[in-house]
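The values are calculated or read from the model by the stated rules, or taken from the named source; none is laboratory data. In this text the structure is predicted, and so the values were computed from the model without any measurement. Ideal geometry is used to build each Cβ from the backbone, glycine not excepted, and the neighbour counts take in all protein chains shown.
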Amino acid sequence: MVNRFTTMAEQVSAFVSFPADLEQVFEKCITLCTQKKPCSRDGQKTIASPDLASDHMAELNNLCLKNGIELVRENIRQYEQGVDLGITLADFAIAETGTLVINSDGEDRRLASMVSDLHVVLMHEKDIRESAFDMEDDLKQMTGRSGSYTAFITGASRTADIERVLALGVHGPLELHIMILREEIWHGPKP
Amino acid sequence: MARPETIKQYRKRVQEALENPFLRQAMDNFAVAYRTGRANAFKGLDVQDHVRKVADIKQSCIKQWRRLFEQFKEKALENNIHVHLADTAEDACRIIESIAADSGSKKIVKSKSMTAEEIHLNAWLEKEGLEVTETDLGEWIVQLRKEGPSHMVMPAIHLSRNQVADLFSDVTGKKQEVDIDQLVKVARKELREKYFQADMGITGANFVIADTGTIGITTNEGNARLVTTLPGVHVAVAGIDKLLPSISEALFINRVLPKNATGQQITSYVTWITGPSECTVAEGGKREMHMVFLDNGRSKLAGDDVFSQALSCIRCGACANVCPVYRMVGGHRMGHVYIGAIGLITTYFFHGIENARHIAKNCTGCGACKEVCAAGIDLPELIKGVQDKIRDRDGHPVKGMLLKQVLKNRRMFHGLLRSASIAQKPFSKDAFLHRHLPMIFSKEQDFRAIPAVVSRPFRDRFEKIVPAVESPTVKIALFSGCLQDFVYPEHLEAAMASFERAGADVKFPMDQTCCGLPALMMGEGEAARSVAVQNIMAFKELDLDYIVTLCASCASHLTHKVPKLAGERFKEEALAFSEKVIPYSVFLDRMSDEAEYDVSAGQTGQKVAWHAPCHLIRGLGISREPKDVISRRGFRYVATCEEETCCGLAGSYSVDFPLVSKEILAKKLADVEQSGADILATECPGCVLQLRGGAVRQGLDIRVLHVSEVLS
């Protein structure tokens, strides 16, 4: 199933990788962030990560400090020019279409996946399902809660509105990076 | 109110589109690419089964929309969604205007919504002094150009990158490069600011889910996510036809929608919103959310036995993607707000007869749309129904009324055709005015040579040429149809040898008359019924295995329509008649034995391209048989890209829109020419008329033949 998921996600230009642990995840994020052009006018780079547990945040923050990157957890709305990289956690993934299912009830979580130039999604291999129909009960539960905002994300933001030529990153992220973790780094609902 | 467009003005706009080389090329590339894209997306799935299921879901929801609405409303209350039901387009605009006023909203960002387009919401809100910005790239482009979308999924498909670059240069006051990636980035930057400044976001909804009070929105760009996240107020607007019982149905439709729309497995984003979520700038930390349901004639339509089907539409746009007319003229001439085949129908119901009158005629009835419709809507039949409604309100044209009188009496009808052969004498060298085929003597009709009515119709020749088969293996009667009886008797004559090889005893009942299709297409149902009964009676007393016809249009009409037209009184006779009707090639395929495998007939190794008549391939679902029959005689069948595309004749269509017909024909012939075929074969005299006439006019080295002529 993980192979099918990977194939389908890569077909829609997502980058899929299998980091061994969080350390590798963070290193990769820092590399991605340092290699890109800053989105703010003053050149300050920012990573937004609303969902990581506080010990993980501390770890990531150390790396960010070393590289002159700002790490934020909330108030992402104040970044009108966007953030360079956003990290979110997926609840499920769908192999049939290469889709990530993300509970996005919180505003910061939503914005981290919308106004980031690079969107990094961490997910557990065990959360992959064959199709949306195989997880109807989970979806009914997620969408059944009042005030819920559930996102299916498949690849980067795209458009073909000018001469049907595909262009990535029209409103949302320019790139989607999916990092599949074999071991659980969080349990049950997101921290 | 602007004065409604005249047919002359409309035709002029159509002509302008035909003269726009960029549009033509863009539409053409799209039409060709779509076929492959769709086929790939559905690979490994039973498409028809999916379509049937979508149709079942939508029809059942439409019937119980009121119950679903009440259920949604109840859940919405729990979820803090304000629910509104607007009876008319104006009501919906007024409701949204007052939501803006009550919430003090001045700046609005919108994600794409056909329903908002339907009610002309932007114009209304702008008139009230509100700033409205479309955020879907294509919609933003057409908004800046003060146009409507030219496709439901790709609103700016009619524009080139140069035009967009010029537009964006104007908007930003800075010269923009003609580079699509760069232009997309311009939109990203310009629109990003708008989201942050906006007080209110307006979206449509692809799915409205009753049991949880949830809306589902699909986009590729991600704009709907920003529209429903940054502003403090969210208004969703959707027709009552978007209501579904649960997310299960939505997931199923969503499995079909992107595949059929753009050949994608799924769109980049599908967003499920169950009431206001966190919004840090809103009072109380939660967004204000409204759901505006639009009726605008839908509840009435839902109760209509025939037209309720139109509400099954899931707005994938596929009916435009495969339409031969859309391919030539683009969306702005193929709809009012809703584009494509479905647009020809819904315009009448949502935007009135004034806006539907001319566009409803711009359909060849080829049935390509019905083949790809995600919800299995019988689009050609509904378009025909709308044409009938318009005709009933505007009054029937004289030619239809005359036809009605004439068809009641076969002797009079055939007498007129015979006298036509005399009357045409001075002109018959080149072109002629057929009385039953309403060809007009105009310059615009001159793109194809038009054949003459013969002096001796087939019915007068039959007795002399009918083969004498000693101990027949099969008993058949010929249904000739008017065109072959009076214009192309050679098609029928050529078939005699193959009947003899098949060991058939052939009869030709003299009381047969027009099949009735032209009358039905002109909205003269009574005349169509009259000839249906005349024909049933003409064949009734004969002991037959088959009624063979060489005209695909007659075959389709006799099979599908005659039993419906005949009514209760002739029900049994009509069914017995229809069941025996068989197209020529299918008959030969069924009868084929060793005698048919005569490869010497095509010994020169001539290449034969096939034109699949609409009434044969889509009307009767026949594709293999004619090609097999031709191959068995030693010809080399060559596949062509446009084999299944309409030739553009489509009865009186080519009279109403000769310039479009001409271009459809030109495309078809160019495709055949490219294949290097010596012969273009088909199985409908109407198609022969169009294709041969075009080939002659263009001086092409391709012989256009009826399949019977090829085989002889």
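Residues checked against (1) more than 19 Å from residue B:494 (Cα to Cα); (2) touching a helix residue (DSSP H, G or I) at 6+ places or on another chain (Cβ under 6 Å):
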position: B:669; (1), (2): yes, yes
position: B:677; (1), (2): yes, no
position: B:683; (1), (2): no, yes
position: B:701; (1), (2): yes, no
position: B:711; (1), (2): no, yes
Open item on the list: Which count do you get for residues in region A:61-100 that are assigned to a helix (DSSP H, G or I) and surrounded by fewer than 24 Cβ atoms within 10 Å (Cβ to Cβ)?
Closed with: 8
Open item on the list: Any residue at all in region A:117-134 that's farther than 17 Å from residue A:49 by Cβ, of a type in the set (Val, Ile, Thr) and within 11 Å of chain B (Cβ to nearest Cβ)?
Closed with: no
Open item on the list: From the list B:332, B:358, B:290, exactly one residue is within 20 Å of the chain's Cα centre (by Cα) and either surrounded by 21 or more Cβ atoms within 10 Å (Cβ to Cβ) or in the same structural domain as residue B:243 (by TED's automatic domain parsing) (or both). Which is it?
Closed with: B:358
Open item on the list: farther than 25 Å from residue B:268 by Cβ, in the same structural domain as residue B:188 (by TED's automatic domain parsing), assigned to a loop (DSSP other than H, G, I, E, B) and out of contact with any Phe, Trp or Tyr (no Cβ under 6 Å at 6 or more places or on another chain): which single residue out of B:147, B:97 fits that description?
Closed with: B:147
TODO: Mind telling me which of the residues B:162, B:220 ends up being without any contact (Cβ under 8 Å) to a residue 60 or more places away in the chain, under 33 Å from the mean Cα position of the chain (by Cα), surrounded by 22 or more Cβ atoms within 10 Å (Cβ to Cβ) and within 12 Å of another protein chain (Cβ to nearest Cβ)?
DONE: B:220
Task: Selection status of residue A:46, among the hydroxyl-bearing types (Ser, Thr, Tyr) and either surrounded by fewer than 18 Cβ atoms within 10 Å (Cβ to Cβ) or in a helix (DSSP H, G or I) (or both) - done: no
- [ ] Could you identify the single residue in A:170, A:165 that is surrounded by fewer than 16 Cβ atoms within 10 Å (Cβ to Cβ) and facing chain B (nearest Cβ under 9 Å)?
- [x] A:165
- [ ] Check B:449, B:527, B:538 and return the single one that is touching a residue at least 40 places away in the same chain (Cβ under 8 Å), assigned to a helix (DSSP H, G or I) and either surrounded by fewer than 19 Cβ atoms within 10 Å (Cβ to Cβ) or under 37 Å from the mean Cα position of the chain (by Cα) (or both).
- [x] B:527
TODO: Please enumerate the residues belonging to region B:37-92 that are in a helix (DSSP H, G or I), aliphatic (A, V, I, L, M) and under 21 Å from residue B:313 (Cβ atoms).
DONE: B:41, B:47, B:51, B:54, B:55, B:57, B:62, B:68, B:89, B:92
TODO: Count, please, the residues in region A:1-35 that happen to be within 14 Å of another protein chain (Cβ to nearest Cβ) and over 16 Å from the mean Cα position of the chain (by Cα).
DONE: 4
Task: When residues of region B:239-255 are limited to those that are among the β-branched types (Val, Ile, Thr) and more than 11 Å from chain A (Cβ to nearest Cβ), the one farthest from residue A:135 (Cα to Cα) - done: B:240
- [ ] Determine the pairs where a residue that is closer than 17 Å to residue B:146 by Cα, located within region B:168-181, has a partner that is not in a helix (DSSP H, G or I) with Cβ atoms under 7 Å apart, the partner being 6 or more residues away or on another chain.
- [x] B:168/B:176; B:169/B:175; B:169/B:176
TODO: Please find, within region B:258-306, the residue that is nearest to the other protein chains (Cβ to nearest Cβ) out of those that are touching a residue at least 40 places away in the same chain (Cβ under 8 Å) and of a type in the set (Asp, Glu).
DONE: B:288
Open item on the list: Anything in region B:227-238 that is of a type in the set (A, V, I, L, M, F, W, C), more than 28 Å from the chain's Cα centre (by Cα) and either within 7 Å of another protein chain (Cβ to nearest Cβ) or buried (at least 24 other Cβ atoms within 10 Å of the Cβ) (or both)? List them, or say none.
Closed with: B:227, B:230, B:235, B:236
Open item on the list: Take the residues in region B:116-144 that are within 14 Å of chain A (Cβ to nearest Cβ) and within 25 Å of residue B:352 (Cα to Cα); name whichever of them is surrounded by the fewest Cβ atoms within 10 Å (Cβ to Cβ).
Closed with: B:143
TODO: Confirm whether residue A:52 is in contact with a Phe, Trp or Tyr (Cβ under 9 Å, 6 or more places away or on another chain) and under 27 Å from residue A:125 (Cβ atoms).
DONE: yes
- [ ] Give the residue that is surrounded by the fewest Cβ atoms within 10 Å (Cβ to Cβ), with candidates limited to residues of region A:17-31 that are closer than 22 Å to residue A:74 by Cβ and touching a residue at least 40 places away in the same chain (Cβ under 8 Å).
- [x] A:22
TODO: Starting from region A:66-82, keep only residues that are in contact (Cβ under 8 Å) with a residue 24 or more places away in the chain and more than 14 Å from chain B (Cβ to nearest Cβ), then list their pairs with residues that are in a strand (DSSP E or B) and surrounded by fewer than 16 Cβ atoms within 10 Å (Cβ to Cβ) whose Cβ atoms are within a distance under 8 Å, requiring at least 6 positions of separation or different chains.
DONE: none
Open item on the list: Being out of contact with any His (no Cβ under 7 Å at 6 or more places or on another chain), surrounded by fewer than 24 Cβ atoms within 10 Å (Cβ to Cβ), of a type in the set (A, V, I, L, M) and more than 30 Å from residue B:531 (Cα to Cα) is the requirement here; does residue B:406 meet it?
Closed with: no
